[in-house]
1. Please determine, by comparing only the residues of segment 223-269 that are β-branched (Val, Ile, Thr) and under 17 Å from residue 74 (Cα atoms), which one is surrounded by the most Cβ atoms within 10 Å (Cβ to Cβ).
2. Which numbered condition in (1) modelled with pLDDT of 95 or more; (2) within 17 Å of residue 68 (Cβ to Cβ); (3) surrounded by fewer than 20 Cβ atoms within 10 Å (Cβ to Cβ) is the only one that residue 131 fails?
3. Just to be sure before I move on: is residue 269 closer than 19 Å to residue 326 by Cβ, small (Gly, Ala, Ser), over 23 Å from the mean Cα position of the chain (by Cα) and not in a loop (DSSP other than H, G, I, E, B) in the structure I sent?
4. Find the helices (runs of 4 or more DSSP H) located wholly in segment 135-217 whose residues include 3 or more that are in contact (Cβ under 8 Å) with a residue 24 or more places away in the chain and not hydrophobic (A, V, I, L, M, F, W, C), and list them.
5. Residues in segment 64-109 that are under 21 Å from residue 234 (Cα atoms), part of a strand (DSSP E or B) and not small (Gly, Ala, Ser): how many?
6. Under the condition of being in a strand (DSSP E or B) and within 21 Å of the chain's Cα centre (by Cα), which residue from segment 272-297 is farthest from residue 225 (Cα to Cα)?
7. Every residue in segment 298-343 that is in a strand (DSSP E or B) and polar (S, T, N, Q), please.
8. Which of the residues belonging to segment 304-329 are touching a residue at least 24 places away in the same chain (Cβ under 8 Å) and surrounded by fewer than 17 Cβ atoms within 10 Å (Cβ to Cβ)?
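The values are calculated or read from the model by the stated rules, or taken from the named source; none is laboratory data. Just so it is clear, the structure is predicted and the values come from calculations on it, not from any experiment. A quick note on method: Cβ atoms are made from the backbone with ideal geometry, for glycine too, and the neighbour counts reach across all protein chains shown.
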Amino acid sequence: MGHKTPLFAEHMAHGARMVPFGGWDMPLHYGSQIREHHRVRRDAGMFDVSHMQVIDLDGSSASAFLRRLIANDPARLEVPGKALYSCMLNRQGGIIDDLILYLRASTRYRLVVNAATAERVLAWIRDQATGAAVEIRPRRDLAMIAVQGPNARTKAVDLIPAGLREQSIALESFAAAELGDWFVGRTGYTGEDGFEIICPAGAAPGLWRSLEGIGIAPCGLGARDTLRLEAGLKLSGQDMDEAASPLESGLAWTIAWEPAERDFIGRSALEAQRARGGLRRCVGLLLTGRGVLRRHQEVLSGDKPVGEITSGGFAPTLQRSIAFARVAPGVGEECRVLIRDKAVPARVVKPPFVRNGKPRIDLGSLRDPNLHQ
């Protein structure tokens, strides 16, 4: 049995299909993954993301410590409430985890890291912080609900505590507001607008029921995965891991190279990779033949293996199969993917595939392969 979030009883009461994920028992879907996907794209849905680890860092050395710990630069956060996305690297430049960092005050920060890597990340942070004037506090007393979709903020805002509503509805993207143990970020993992609401664990079931009562649909991990894949968002442990750097994972944009004197962990390894060149790259794939793209399938250029799919599946918004793949340099616009010993044609495209409910790639020239049948 895995860990249970404060919303476990709500999931069971609604007949969710529960699965193990990152050491937690989590809902895969509540009857129809496809229906949940479309509710988020077209209206509003909610996800229990309380399995993710919130870590608060406070102290006079917090800023300097974080500038060494992560590849993006916390100094870019000049106003409390602002957030940035970053990778946390090992000394070889591999990705331990990806995360969101919030500035709360001049010496106070909040990290949100992934469930599957939480224990390793927390141990790594504590090890790197030896001798630094920084308090590291994991917050398992909190829960998190992501409310996502074009109508998510409008629908959900009245259920946020009154003293926080005005700030929350005015939030810019990648910013947060807080009041006591309530923390509302305009962030998400679906390619749609919305809030991620952190609240006391005891308040989460009531908030969940209230959100459902105003028409926000409960959604599971299945829809979350297809939504993030369409939105071009990477998954820790699949599209990124300690064996591949951000330069090979489509995440070079998360590295702050300036100022040059900031010696973050993994920097020297990344600089050596960049100077050496010839790196693998992460690309998007759109299947143009019949089949479904899945993780670990081999990518071919002609008859030559050139890479492997890291995430793949059927995209409900596009009615096509899509994927991320890590491939050798020089792969062109067309390739093939080995599906059940058959080489099936695919097109190399630039993610995201979908943003704000609309396709971002040209489907007009494709024959309908009836992938959904």
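1. First pass over segment 223-269, keeping only residues β-branched (Val, Ile, Thr): 226, 254-255, 265.
Still in the list and also under 17 Å from residue 74 (Cα atoms): 254-255, 265.
Details: 254: 17, 255: 22, 265: 19.
If we take residues in segment 223-269 being β-branched (Val, Ile, Thr) and under 17 Å from residue 74 (Cα atoms), then 255 is surrounded by the most Cβ atoms within 10 Å (Cβ to Cβ).
2. (1)
3. Values: closer than 19 Å to residue 326 by Cβ: yes; small (Gly, Ala, Ser): yes; over 23 Å from the mean Cα position of the chain (by Cα): yes; not in a loop (DSSP other than H, G, I, E, B): yes.
Criteria met by residue 269.
4. Numbers: elements: 152-156, 162-169, 204-213.
Result: 204-213.
5. Residues in segment 64-109 being under 21 Å from residue 234 (Cα atoms), part of a strand (DSSP E or B) and not small (Gly, Ala, Ser): 14 in total.
6. At the first step, the residues of segment 272-297 found to be in a strand (DSSP E or B) are 281-287.
Next, from what is left, pick out any that are within 21 Å of the chain's Cα centre (by Cα): 281-286.
Working: 281: 22, 282: 18, 283: 18, 284: 15, 285: 16, 286: 17 Å.
Residue satisfying both the conditions and the ranking: 281.
7. Taking segment 298-343 first, the residues in a strand (DSSP E or B) are 298-301, 304-315, 320-327, 334-339, 342-343.
The answer is 301, 310, 311, 321.
8. Here is the first cut: in segment 304-329, the ones touching a residue at least 24 places away in the same chain (Cβ under 8 Å) are 306-307, 309-329.
Matches in segment 304-329: 319, 328, 329.
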